[in-house]
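A.B. asks: This is the structure I want to talk about, given as C-alpha cells.
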C-alpha cells in the first residue's frame, strides 16, 4: 500500500498522541492511588489519634504527608464560615485564620513544634472545651459566648514522660468543622522547650487609643473591653478580638472600637535566643468612660 505524505503525517500524529494519553492516564491513576487522610470521630479520642498520627508522620520524615495533614487542618471556605459562626465585627477580627501568608508562617511553626515532639517520649491529652471549659469566665468562656451556631471546640496538650516538671504543655485549640479537626492558628502557644523567662518582649513603639463610638457616648454607655491579641515577628498586631465576660462590656460598638485600636498597635519584635518570635495570648483591657 502506497503511503502518501498526508497519510504519513496522520500516522505520525497518532503515534505521538498515544504516549501522551498513556502518560496522562498514568498520572491520573497515580493521583487516585494516593490514600485519603482517614476520617476522624468528633471526640477527644479522635483528636488525640490525629495528633498521634501527625507526630508519627513527622518522626518518619514523610514531609509530603505532613504537609497534607496541615493542609487538612485549614478551615474550608474560611471567610464564609467565619461570618456564619461570628457576627460581622467579630468575624473580621479572626480573618488571620484565612490569610494564606499568615497560614504559611503558622504552619511552619506547627511543623517545628511537632519536630520537637517527635524527639520526646510523652503523650497527648485532649479536652472538649464545650463540656469542660477553663474555670472562671476567661477566654474560653467568652469564646463559647461569641459563637452564633453550635461549634465543637477542643484543647490539646502534651506531657513529657518521666519529666521533673510533669505539667502539661499546651499544643493548641482545634475546632471540628466539616467532618474534620481544624487548627485554630490564631491562638498559639510558645513551643514546649521554650522557657518564657528567656523570651525578651519587644517594647511598645505605637499605642493608639480607641475612638469612643458617638452612639455609645451619646447614651453614656461605658465599660471595660478585654482584647486578646498576638504580636507577629514583625512587631505588628494580629488576631485582635474582644471577648465578653463577667465585669466586661458586651456592647458591640465598644468591642469593635477596642479591636480597631489594638490592631494598630506596634512593638519592637520579641526575641528568644536572639531570634525573633511571635508572642501570643496577650491581653489588653481598654476602658470606655464618658466625660461628664
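Laboratory data are not the source of any read-out in this text; all were calculated from the coordinates shown. Everything numeric in this text was worked out from a predicted model, so none of it was measured.
A.B. asks: Could you calculate the contour length gain from residue 112 to residue 145, that is, 0.36 nm times the residue separation minus the distance between their Cα atoms, to one decimal place in nm?
C.D. replies: 8.6 nm
A.B. asks: Classify region 200-292 from the C-alpha gyration tensor, please: rounded if a/c falls under 1.5, else prolate or oblate depending on whether a/b exceeds b/c.
C.D. replies: In terms of gyration-tensor shape, prolate.
A.B. asks: Another question, if that's okay. Would you mind classifying region 40-161 by shape? Square roots of the alpha carbon gyration tensor eigenvalues, ordered a ≥ b ≥ c; an a/c under 1.5 is rounded, otherwise it is prolate if a/b is larger than b/c and oblate if not.
C.D. replies: Working: a/c = 2.16, a/b = 1.36, b/c = 1.58.
Oblate.
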